[in-house]
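The values are calculated or read from the model by the stated rules, or taken from the named source; none is laboratory data. What you see is a predicted model, and the numbers here were worked out from it, not measured in a lab. For neighbour counting, all protein chains shown are included, and Cβ atoms are generated from backbone atoms with ideal geometry for every residue, glycine included.
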Amino acid sequence: MSTVSIDLPPYAKAVFRYGRPVVLLTALIMSIPGEIHLAEVAGWDAVNVFGNTFNVAWLMPVCVSVYAACSAVIADVAKRLRLPNRKSAMAGSVAALALALTAQDVSHLIKQDYMHSSWLLVGAVSAIPPLVAFHMLHMAAAPESTASEVEVEEPEAAFHEGATAEKSGQRRKPGRPGLTDDEVTEAIARLEAAGKDLTAENLAAALGRAPRTARRYLAHMKRAEIRAKKVAEGKSEGAAESTLSLSI
């Protein structure tokens with residue numbers, strides 16, 4: 001499996017960079033009226049806050065559409081980092097999407113007189129804010145086992161583990177084998193020959209791996225370079241001392 005670096009034309013880059021936030025913002029704005037109407041049908045209305053009248057039904061879009069967007073992002077991050085709470089995040093994301101779709105459908109059906117409010121509808125809509133608050137608090141709890149900092153296997157450790165397993169005759173864990181130092185060095189040389197900058201993205205394309213993996217290889221190569229430099233400096237100091245002692 002290999003990856004190919006594609007240079008997108010300017011219009012495609014503009015669509016990729018600006019199109020998604022514009023579409024997201026437009027969709028959220030179009031969802032606002034239906035969700036406010038559904039909250040008003042369920043009984044939320046204006047309240048007096050420090051002498052000012054405020055319609056709390058206007059907050060329903062935050063509990064529905066914005067919550068769905070947040071849940072989708074949290075679920076994606078949890079899945080990419082393989083966090084322990086990723087199942088809960090995925091379940092919450094699916095539930096939030098279903099909630100947003102149902103809210104829009106029910107609101108417009110009521111507006112067009114295809115259906116009317118009922119005690120079941122009022123009870124279901126009234127339960128939205130506490131359920132959303134519960135799930136957000138659950139996702140934000142982040143105990144030590146769900147911290148955002150997770151341990152990753154360093155390439156150097158993977159090399160030693162693989163060599164030890166081969167010598168002892170043990171079977172390695174299934175998955176893509178790690179690359180050797182020579183393979184990474186050859187990929188870096190190809191980038192330099194092509195006049196490309198040594199970045200994680202360019203190295204990932206040359207290696208056929210993910211950018212995150214390429215960053216780990218770069219870190220491993222940097223540490224090896226620092227160690228080699230320290231060894232060379234130690235040898236030069238030793239040679240200088242030997243020369244000095246001979247001259248004396």
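Looking only at the stretch 98-112, filter to residues that are hydrophobic (A, V, I, L, M, F, W, C) and over 16 Å from residue 28 (Cα atoms); which one of those is nearest to the chain's Cα centre (by Cα)?
106
Given 46, 75, 95, which one is modelled with pLDDT of 80 or more, under 30 Å from residue 178 (Cβ atoms) and either surrounded by 13 or more Cβ atoms within 10 Å (Cβ to Cβ) or among the hydrophobic types (A, V, I, L, M, F, W, C) (or both)?
It is 75.
To keep it simple, each residue is scored yes or no on (1) among the β-branched types (Val, Ile, Thr); (2) assigned to a helix (DSSP H, G or I); (3) over 23 Å from residue 81 (Cα atoms); (4) modelled with pLDDT of 80 or more.
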| position | (1), (2), (3), (4) |
| --- | --- |
| 173 | no, no, no, no |
| 192 | no, yes, yes, yes |
| 228 | no, yes, yes, no |
| 239 | no, yes, yes, no |
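Results for (1) farther than 26 Å from residue 21 by Cα; (2) in contact (Cβ under 8 Å) with a residue 24 or more places away in the chain, shown as yes or no for each residue.
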| site | (1), (2) |
| --- | --- |
| 60 | no, yes |
| 68 | no, yes |
| 93 | no, yes |
| 105 | no, no |
| 114 | yes, no |
| 123 | yes, no |
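Quick check: is even one residue across the stretch 153-167 over 22 Å from the mean Cα position of the chain (by Cα), surrounded by 14 or more Cβ atoms within 10 Å (Cβ to Cβ) and at pLDDT 50 or above?
No; the residues of the stretch 153-167 include none that is over 22 Å from the mean Cα position of the chain (by Cα), surrounded by 14 or more Cβ atoms within 10 Å (Cβ to Cβ) and at pLDDT 50 or above.
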